[in-house]
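For reference, the structure discussed in these notes is given below.
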Amino acid sequence: MLTSHQKKFHDWFLSFKDSNNYDSKQNHSIKDIFNRFNHYIYNDLGIRTIASDFDLTMMTKHSGGYIDPLDNDGIIFSKSLSKEFNVFGMQAENVNISISVVTFSDPLLIPSNQRERFISGRRMIEHCLKESGAKFKVKNYYCFYPKIWQSQDLYSSIGLDAPMPLFKKYHLLQVASADKLLPNQILFIDDDIRNCKQALQDGFIVLHVEGNAGFSLKSVSVGFYYN
């Protein structure tokens, strides 16, 4: 069952997307579109934070959880920030909407004997955004791969009384707690439909990034809201 906030966003977004055809090469057009988008979600929906996935969402490629910043694949990934997300992030900041990253890129994924070579989590994100020339700032970073955090020794070390829930549930609850917000004040963006469906059940406003090329107006969808 959708909340009233989710229904309102769903119906508005379908109309908004249909009425905003644009040439992706025209930056001024994209800026105008995302300016209107962010003004609406701030003023009419009360959104105060965007919680975005990293791989294949904020970025247009997939890291596998960690990268070697000096090899060719790592360099390519580091420069793969979505051009449209860069504009979107700038326009969000203009209306005082903060941005946090919620990702499965977890430093604990890196083999113990490779931790000087590879980077992951916040360190990887900061490196990539710098290399990509990001024009927006990230407020908070939530970098956890839930399947790792199932043993009591690990989950208790971050204040949990039970194994970390799957999907992005823990990440999003941390965003809400840190920013002192309700789920309906947070826009969650992710390319994994399973994460999106769970977040929708938990009351968050959600956009699914379709395809395998990261965030763009054409790739984001609310088609799963009633499925």
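For segment 152-227, averaging the sequence separation of C-alpha pairs within contact (under 8 Å, six or more residues apart) and dividing by the residue count gives a relative contact order of 21 percent. Counting neighbouring Cβ atoms within 10 Å and putting the fewest first, the residues Trp12, Trp149 line up as Trp12, Trp149. For segment 23-89, a/c is not less than 1.5, where a ≥ b ≥ c are the root eigenvalues of the C-alpha gyration tensor, and a/b does not top b/c. That puts it in the oblate class. Apply the a/c threshold of 1.5 to the C-alpha gyration tensor of segment 107-167 and tell me whether it is rounded, prolate or oblate. Oblate, since a/c reaches 1.5 and b/c is not below a/b. Summing charges over neighbours of Asp202, with a neighbour being any other residue whose Cβ is under 12 Å away from its Cβ, gives +3 when K and R count +1 and D and E count -1. Overall, the chain carries a charge dipole of about 340 debye about its Cα centre when +1 sits on the Cβ of Lys and Arg and -1 on the Cβ of Asp and Glu, all other atoms neutral. What is the sum of charges, Lys and Arg at +1 and Asp and Glu at -1, for the other residues whose Cβ falls under 14 Å from the Cβ of Ile97? Overall, the nearby charge balance is +1. State the antiparallel share, in %, of DSSP beta bridges confined to the chain, rounding to the nearest 5. Bridges in the chain that DSSP calls antiparallel: roughly 25 percent.
Taking the number of Cβ atoms within 10 Å of each Cβ as an exposure proxy, the fewest-first ranking of Ile189, Ile205, Ile110 is Ile110, Ile189, Ile205.
For the residue pairs Lys139/Lys218; Lys7/Lys130; Lys135/Lys168; Lys83/Lys139; Lys31/Lys147; Lys137/Lys218, alpha carbon separations beyond 31 Å are given by Lys7/Lys130; Lys31/Lys147. Here segment 1-118 is treated with +1 on each Lys and Arg Cβ and -1 on each Asp and Glu Cβ, and its dipole about the Cα centre works out to around 240 debye.
Please say if the chain is rounded, prolate or oblate, where rounded means a/c under 1.5 for a ≥ b ≥ c the square roots of the C-alpha gyration tensor eigenvalues, and otherwise the choice is prolate for a/b larger than b/c and oblate otherwise? Oblate, since a/c reaches 1.5 and b/c is not below a/b. Here the relative contact order of segment 38-101, from alpha carbon pairs under 8 Å that lie six or more residues apart, stands at 47 percent. Footprinting exposure proxy ranking of Thr60, Thr3, Thr103, fewest other C-beta atoms within 10 angstrom first, gives Thr3, Thr60, Thr103.
Between His39, Pro111, Leu172, the Cα set farthest toward the positive side of the dipole of segment 4-221 (charges on each charged residue's Cβ, about the Cα centre) is that of His39. Short-range pairs are left out: with C-alpha atoms under 8 Å and at least six residues apart, the relative contact order of segment 54-191 is 26 percent. Amide H contacts for Glu210 (H built 1.01 Å from N in the peptide plane; partners 5 or more residues away or on another chain; cut-off under 5 Å): Val220, Ser221.
We did not get these values from a lab; they are worked out from the coordinates using the rules stated. These figures come from a predicted structure and were not determined experimentally. Positions of Cβ are backbone-derived with ideal geometry, glycine not excepted, and every protein chain shown enters the neighbour counts.
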